[in-house]
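A.B. asks: So that we are looking at the same thing, I have put the structure below in structure tokens.
The values are calculated or read from the model by the stated rules, or taken from the named source; none is laboratory data. In this text, all values refer to a predicted model and were calculated from it rather than measured experimentally. Cβ atoms come from the backbone with ideal geometry, glycine included; neighbour counts cover every protein chain shown. Side chains included, ligands, DNA and RNA excluded: accessible areas come from the protein's heavy atoms. Shrake-Rupley method; radii C 1.70, N 1.55, O 1.52, S 1.80 Å.
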Amino acid sequence: MPARRRRQQSRWIGAALVAAVIAGCATSPPDVPSAEERAQRVVGSPIRTDQDRRMDASRDPLRFLPFTGVAPGMVVFDLSAGGGYTSQLMALSVGPTGRLYAQRPQPGDALTKRLADNPQPNFIVVYRPFADPIPPDAPRFDLITFVNNYHDFVNAPIDRAQLNRRLFDALKPGGRFVIVDHAALPGSGTSSTRTLHRIDEAVVVAEVRQAGFVLEAEGQFLRHPDDPRTVSSGDGAILTDKFALRFVKPR
């Protein structure tokens, strides 16, 4: 090949490479927000209620949300949704491409008002018993949350081993099950579930593992060492010491 032709060909190749790089830069996706940035946007949403914001001090949603691993497009199940504090965080986190199922045994005023004030197509309320909370036609979930109520199930006519297996089966492989609850004194077992509304963390870990879950992470963001763990979690005088556990269903 003549030298002149080689030089022309080199210039064409170089020009093509430059054009490709420019085109790639022009079409590159915008920066994806981090889990922490997404949490800030969710917590700042104007549809959250005044009561939600009052509860933030004891729930720390800015650290809770990244701990759960929730992300846009996920399908999430919130067990024992109550007034919808956690459910609302999850519905906002999964966004319009995801879905949030909020389970209660029967309608409740706070949750009903929440959705009447701000209807959300991706926020689905499920009225089913605690012992059998998953609808038969529900999709497999990416995430299940269960906040501040595991201890109550000890004193209810619920087979917790069976319930945990049902939750395990309801998750996709690799799906997560996040539990937060008020910590009892180590070694106390379930003895303070009725009187102090607390439970020994070791009991929860052992029971959930029996269903096939693997403990993936333990969050420290709700720990309050000043809590003596000898007063009722409903006392309100102090921020209770809470454990946060993230379990995963093996792939």
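A.B. asks: Residues to consider are Pro136, Pro72, Pro66; find the one that is over 30 Å from Ser191 (Cα atoms) and more than 13 Å from the chain's Cα centre (by Cα).
C.D. replies: Exactly one of Pro136, Pro72, Pro66 is over 30 Å from Ser191 (Cα atoms) and more than 13 Å from the chain's Cα centre (by Cα), namely Pro136.
A.B. asks: Look through Val43, Val32, Val70 and report the one residue that is in contact with a strand residue (DSSP E or B) (Cβ under 8 Å, 6 or more places away or on another chain) and either open to solvent by 50 Å² or more (accessible area, probe 1.4 Å) or hydrophobic (A, V, I, L, M, F, W, C) (or both).
C.D. replies: Val70 is the lone residue from the list that is in contact with a strand residue (DSSP E or B) (Cβ under 8 Å, 6 or more places away or on another chain) and either open to solvent by 50 Å² or more (accessible area, probe 1.4 Å) or hydrophobic (A, V, I, L, M, F, W, C) (or both).
A.B. asks: Also: For region 14-52, which residues satisfy the criterion of being assigned to a helix (DSSP H, G or I), farther than 15 Å from Leu65 by Cβ and at pLDDT 95 or above?
C.D. replies: Within region 14-52, Asp50, Gln51 qualify.
A.B. asks: Here is a list of conditions, (1) out of contact with any Asp or Glu (no Cβ under 8 Å at 6 or more places or on another chain); (2) farther than 30 Å from Pro136 by Cβ; (3) of a type outside the set (Ser, Thr, Tyr); (4) crowded, with 17+ Cβ neighbours inside 10 Å, and Ala184 meets all of them except one; can you say which number that is?
C.D. replies: Of (1) out of contact with any Asp or Glu (no Cβ under 8 Å at 6 or more places or on another chain); (2) farther than 30 Å from Pro136 by Cβ; (3) of a type outside the set (Ser, Thr, Tyr); (4) crowded, with 17+ Cβ neighbours inside 10 Å, only one is false for Ala184: (1).
A.B. asks: Next question. Suppose we filter Val248, Val231 for residues that are surrounded by 13 or more Cβ atoms within 10 Å (Cβ to Cβ) and within 23 Å of Asp142 (Cα to Cα); which single one remains? Give the derivation first.
C.D. replies: Values: Val231 fails: within 23 Å of Asp142 (Cα to Cα).
Going through Val248, Val231 in turn, the sole match is Val248.
A.B. asks: Next up: Give me the pairs, please: first residue somewhere in region 34-61 and within 20 Å of Ala244 (Cα to Cα), second residue anywhere and open to solvent by 80 Å² or more (accessible area, probe 1.4 Å) and basic (Lys, Arg), beta-carbon distance under 8 Å, and either six or more positions apart or on two chains.
C.D. replies: Listed pairs, sorted by first residue: Ala39/Arg63.
A.B. asks: Kindly indicate which of Phe77, Phe153, Phe141, Phe123 is closer than 22 Å to Arg198 by Cβ and surrounded by 17 or more Cβ atoms within 10 Å (Cβ to Cβ).
C.D. replies: Unique residue meeting the criteria: Phe153.
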